[in-house]
Each structure stands twice: as structure tokens, then as C-alpha cells.
Amino acid sequence: MSDRARTCVFYSVGRRYADVLRAVRKHEPHARITGVVPHGYPITDDERALADEVVETRRDRYSLRNPAALWQLVADLRAAHYDGFVITFDSPKLRILAALSKVPGTALVTMDGRVVPIRPAIAATLAGVVVRNAWGRLVYAAIWLAVHGLRVSSTPDSGTR
Amino acid sequence: MRLAFVDLYFCWPPHGGADVDLYHVIKGLQALGHQVKLFVASCASTWDRGSVEPSQLPFPATRLDFSPREIGPRTMPRRFRDAVDAWKPEVVFLTDGFFLKPYVAEALSHYPVISRYYAYELTCPRDLRLLRDGARCPDNYLRTPNICRPCALAGMAADIKQWRFLPWAEEYVAARAYLPSYHALVLRTLRHFSIVIASNRLHKRQMDPFNDDVRIVPGGVDVATFVVHPPPKRRSDERKVILTTGRGEDPAKGVHTLREAGALLARERNDFVIRVTHTDYTLNTDWFQAIGWHDRDAVARLYQQADVCVVPSIWEEPFGLVAVEAMASGRPVCASRVGGLQDIVVHGETGFLCAPGDSAELARRLAQLLDDDGLRRRMGDAGRRRAESEYDWEPLVRKHYPPLLEKVAR
């Protein structure tokens, strides 16, 4: 077994995976980087060159509608005994997955390519979701009232077709 | 002349066509002897805003760093005005920006301002696509704000309710773009611009009533990056490659039409494979490959491996950069008859134009090209010639931009 720290870089749709791997490689030049990608993911040459190994998950996508599959994913991540777990978006789902995987160090690759440590506590993440949703709905209600209650009075077409 | 370029989103390496356009225009004007400087907003929490290192650009640039709280009409316009005033330009080019752009425009209204629009950001506050139920929306925020305002809110409802933002919705809330007073601000600033640059004829028609000088200036292509390589010599059992680049996941890009066309072709032949820069590889079949995202250099190599390129967009593409790139690479292009694509692809000469969403017509044209090596070569050659004569950056900037400056200087 190698003494190098093992860092899992968890793939998410929406960013160029090679950029994420490159940022992690720069941040942890001596780590053994494992790219964890969905089943069937067509890994590119760039991505393969940036990771020490690439592991596919059992399924190509996961959702809350299939908790058994999700739990299997968590079990697989725990069994791999990674030293670090890197996510590509600061989303509640990924934070909770990171917390459940029980990997000691969790980090986020920010949009500008920095690797920053995060503390993915489940309770705090869920509380944050609740607060944000409550605030968001309040703001939405205020905007809805403004949009539907206040009309643009003088427009070139009087506001209609 | 001293020319200031103010952009709320510029990134380099580029995140989109607007970045590429601005980069080459500034470089081109600098080469013509003008003093240029780019002022760009940056916010570390927003990937698309100012991800750039000014020292690595070939022209002077100042990055104005904003915290998430400062992204709004109170701070941004003031910071831009102070930075631009300190440099004392003669003309300001105001380029990419969403809902905060009118505020910045007003803060810089003591200069002659040339405003560039890259998509329908001024006329479609829902998502700048001017697309509703899969077809072109007949409305236009400038003329029908009381129809467009509820539509925009509906489009952004999920983002706002969850309070998790992409830049478009983030600016919508920050700029209070839902208020009637915002519409007045938009019209006021639009009327005040010295010149407005539109992307295509539809875009110009939308803005014509609100400014006396709306001009169409096309984008260009780097003909040194996108070069002609002879089409791959294929064995008789090797499949020809049909390529689509661009944001394949975006429904407006029409990949579903291309898949339908592919299914029609696959009933009759198996000598082709469709490659799409798309991240949903669960779509993959025997003849369809989602190949993920690629950077610009990798895309240039993809064209070299392709036999035919397709731009199946269903929205009114403001310009159609990928069609020009394919033409510069010497490949025939099948494109939808929409937006700027209609002016780029010469039907029957550099490729074919098809009705948007018409998979049967697209399949017929693709079959025609797959069957005829000579036709592909002729159209590819004609495309390269057209790219060099009409879309090469250096002559393009020389042709279109000095007249703008002459008018402003008068």
C-alpha cells in the first residue's frame, strides 16, 4: 500500500471534470487522486491523465427516489477509506453525501478553481436549506406582488400585443 | 483614440462566445493604433464573472473585484465610473452584462457609449433566448413589458424560491428588474447610446424603434486556430462522423432534433456516428455519442476528425460561432434557418439550411452529404473561403469598427 493520501474527486454534471481534477492535482500534488465517475462515463484522455485511478459508481445517476441505491453509494465510498473527498458544487445534496461518506477531509473546488476545505455537517446543511427556502419564498412573494400588482403604465405597445 | 471596454462578465480562458468576441475586438483595435483598456467585474462566487488574470491578457485590463453583497446597482456602477473616469477615455464600449448593465450605462452616460448585445438580454428577460414552447416568442420586453415581466418571473421562480442563483437570476433580483421603473431605465439608457450593436437582423429590428443607430456587426473566428485538415481517410467499414459542438445540454441547441434525424438515418444505414459535446452520456446509442465538454483547442481537433458539422438550434441563434468554426475548419455545415445562422451558412454553397426542428429535412440533407464525398469537399472548401473573407478577426475589426468610431467622433 502506498503512503500517499487518497483523495476522491466526486464527479458532478455541470462543470468540466478535467478542470476540477487539475485544480485538485495542483492543490495536492502528492496525493493519489481517484476520480469517482458515474457508471458508463466516457472519460477523456485529459481526465485519465489527471487522475491516478478512475472508479465508476454502480449506477449512472442517483436520486432521492431510490434511497437503497444512494445508501449503496455511501457504503461504497466508506469502504474505499479515502483520506479526502472533493466535491465540485457547494450543494446541500453533495454536502450531505460528503458527511455520510465519513471521509476525514472534505473540500470544495470553487468556481474560480480554488480548493477550500468545508465542514459538511448534516444538521447545519439541512437547517441552511430550510432558512434559504423560507427566505427565498418570502422574496418571491414580494416580487410576485410587484410584478402582478404594479404595471408599466406607458409602453410603446401599452404592454400588450 | 482612448477606448474603454466595460464588461460585467468577461472571462479568459473564455466561457462563451461573448468573451471570444470581446478579446479579438480589443486586440484588433489595439493593433489599429488605439489606446485600449478593459474594465471587468469579478466575483469569486460567480464562475462566469471575471474569471481572468489581467496580466495574462495581451492588452491592458483592470479587474474590479466585488463581494457577493456588492453585486448590485448601488456599488457596481459607482466603482466602474470611478475606474473609467480615472483613465479618461474618449469612447466607452459597454459589452456583456445582464440586468445590471443599464445601471452601469447610466453611470457612464457622460461618455459616448457604444453598447454591444450578444443575445436577447434586452428583449427577453426570462432567459435571453426569446424562445417559448419550442418556438420563437413574439413578445419583446421593450414593447410588451407587462407580458414579459410575469414570464420572466415564472422562468426564475425555482431559483428565487430556493435562493440558489445562477448569474442571470442573481442579477434579476439584485437589479430589481421586476419593477416598472426598471423598464423606464432600460429605455432611457438604450435611447442614450451613441450606437447599439446587434447580433442579427431580428435583434436589430427589435431595437430599431428605440435608438437611431442600431447596426449589425458579426462575430469572427480565429482562422489560425480553426484550420483545414483533409477529411480523415476512412476504411470502407469505418463510420463517417457527424459533429455538433456547443452546449448540447441546452434544449435550445436542438440536439433532440439531431437525435431524431439520426434515428431516421439509422433505419437505412449504419455508416455514420453522431458526436455531440454533451455531458449526458446516458443518451449514447450505437450511432450517438455524447463526448462531454471540450476546450477550444480540443474542439478544433474534433472538427478535424469530422466529416459533416450540424448546428440544429431551435432558438434564434444570435450569431452562430460554431458554424463559422466548422466552416473555417473546412467542413460542410447543416444548420437551422434561424437567427445569425442564416447569414453565415450559404445554402447549397457552404452547407444546407433546414427548417428548425424538422428532423426529416435534416436527415435528408445529412444523407446527401454522407453519400457524396465531392459535395462535402466542395462545400468545405467554400466554407473555408467564406470564413477567411468574412469572419477572420483582423479584416473584420478593420471593416466594422473604425466606422463606429468615426461616427462617435463627429
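The values are calculated or read from the model by the stated rules, or taken from the named source; none is laboratory data. Just so you know, these numbers come straight off a predicted model, no measurement behind them. Reconstructed Cβ throughout: ideal geometry from the backbone, glycine too, with neighbour counts over all protein chains shown.
Values for this structure:
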{"quantity": "Filter result (more than 14 Å from chain B (Cβ to nearest Cβ), surrounded by fewer than 17 Cβ atoms within 10 Å (Cβ to Cβ) and closer than 23 Å to residue A:74 by Cα) within the range A:5-31", "calculated": "A:5"}
{"quantity": "Top-ranked residue of the range B:1-30 - restricted to ones that are without any contact (Cβ under 8 Å) to a residue 60 or more places away in the chain and assigned to a helix (DSSP H, G or I), ranked as farthest from residue B:104 (Cα to Cα)", "calculated": "B:30"}
{"quantity": "Breaking point among (1) crowded, with 20+ Cβ neighbours inside 10 Å; (2) under 27 Å from residue A:62 (Cα atoms); (3) free of Cβ contacts under 8 Å to residues at least 40 places away in the same chain; (4) of a type in the set (A, V, I, L, M), for residue B:283", "calculated": "(1)"}
{"quantity": "The range B:216-231, residues that are over 13 Å from residue B:394 (Cβ atoms) and in contact with a strand residue (DSSP E or B) (Cβ under 8 Å, 6 or more places away or on another chain)", "calculated": "B:216, B:217"}
{"quantity": "In the range B:104-151, residue farthest from the other protein chains (Cβ to nearest Cβ) [restricted to those that are polar (S, T, N, Q) and within 30 Å of residue B:2 (Cα to Cα)]", "calculated": "B:109"}
{"quantity": "Members of the range B:331-355 found to be modelled with pLDDT of 95 or more, assigned to a loop (DSSP other than H, G, I, E, B), crowded, with 24+ Cβ neighbours inside 10 Å and of a type outside the set (A, V, I, L, M), listed by number", "calculated": "B:331, B:332, B:350"}
{"quantity": "Failed item, numbered, when residue B:154 is tested on (1) surrounded by 19 or more Cβ atoms within 10 Å (Cβ to Cβ); (2) aliphatic (A, V, I, L, M); (3) within 14 Å of chain A (Cβ to nearest Cβ)", "calculated": "(1)"}
{"quantity": "Flag if residue A:129 is within 13 Å of chain B (Cβ to nearest Cβ), in contact (Cβ under 8 Å) with a residue 24 or more places away in the chain and assigned to a helix (DSSP H, G or I)", "calculated": "yes"}
{"quantity": "Subset of the range A:86-113 [buried (at least 21 other Cβ atoms within 10 Å of the Cβ) and part of a loop (DSSP other than H, G, I, E, B)]", "calculated": "A:88, A:103"}
{"quantity": "Any hit, the range B:162-169, residues being of a type in the set (D, E, K, R) and assigned to a helix (DSSP H, G or I)", "calculated": "no"}
{"quantity": "Near pairs, Cβ below 7 angstrom, 6+ apart or cross-chain, from the range B:150-168 (outside the structural domain of residue B:139 (by TED's automatic domain parsing) and within 17 Å of residue B:121 (Cα to Cα)) to any residue that is hydrophobic (A, V, I, L, M, F, W, C) and not in a loop (DSSP other than H, G, I, E, B)", "calculated": "none"}
{"quantity": "The range B:280-324: number of residues that are away from chain A (no Cβ under 14 Å), small (Gly, Ala, Ser) and assigned to a loop (DSSP other than H, G, I, E, B)", "calculated": "3"}
{"quantity": "The listed residue being surrounded by 21 or more Cβ atoms within 10 Å (Cβ to Cβ) and more than 19 Å from the chain's Cα centre (by Cα), out of B:8, B:22, B:3, B:32", "calculated": "B:3"}
{"quantity": "Only one of B:185, B:265, B:258 that is at pLDDT 90 or above, in a helix (DSSP H, G or I), more than 24 Å from residue B:17 (Cβ to Cβ) and touching a Pro at 6+ places or on another chain (Cβ under 6 Å)", "calculated": "B:185"}
{"quantity": "Test: residue in the range B:49-66 that is closer than 21 Å to residue B:165 by Cα, among the charged types (D, E, K, R) and out of contact with any Phe, Trp or Tyr (no Cβ under 8 Å at 6 or more places or on another chain)", "calculated": "yes"}
{"quantity": "For residue B:360: the one exception among (1) within 18 Å of the chain's Cα centre (by Cα); (2) in a helix (DSSP H, G or I); (3) not assigned by TED's automatic domain parsing to the domain that holds residue B:139", "calculated": "(1)"}
{"quantity": "Subset of the range B:368-410 [crowded, with 20+ Cβ neighbours inside 10 Å and small (Gly, Ala, Ser)]", "calculated": "B:380, B:383, B:387"}
{"quantity": "Options B:112, B:77, B:89, B:125: the member that is outside the structural domain of residue B:319 (by TED's automatic domain parsing) and under 24 Å from the mean Cα position of the chain (by Cα)", "calculated": "B:125"}
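Per-residue answers, yes or no, for (1) more than 14 Å from chain B (Cβ to nearest Cβ); (2) under 27 Å from residue B:278 (Cβ atoms); (3) buried (at least 16 other Cβ atoms within 10 Å of the Cβ); (4) not β-branched (Val, Ile, Thr):
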{"residue": "A:41", "(1), (2), (3), (4)": "no, yes, yes, yes"}
{"residue": "A:48", "(1), (2), (3), (4)": "no, yes, no, yes"}
{"residue": "A:82", "(1), (2), (3), (4)": "yes, no, yes, yes"}
{"residue": "A:115", "(1), (2), (3), (4)": "no, no, yes, no"}
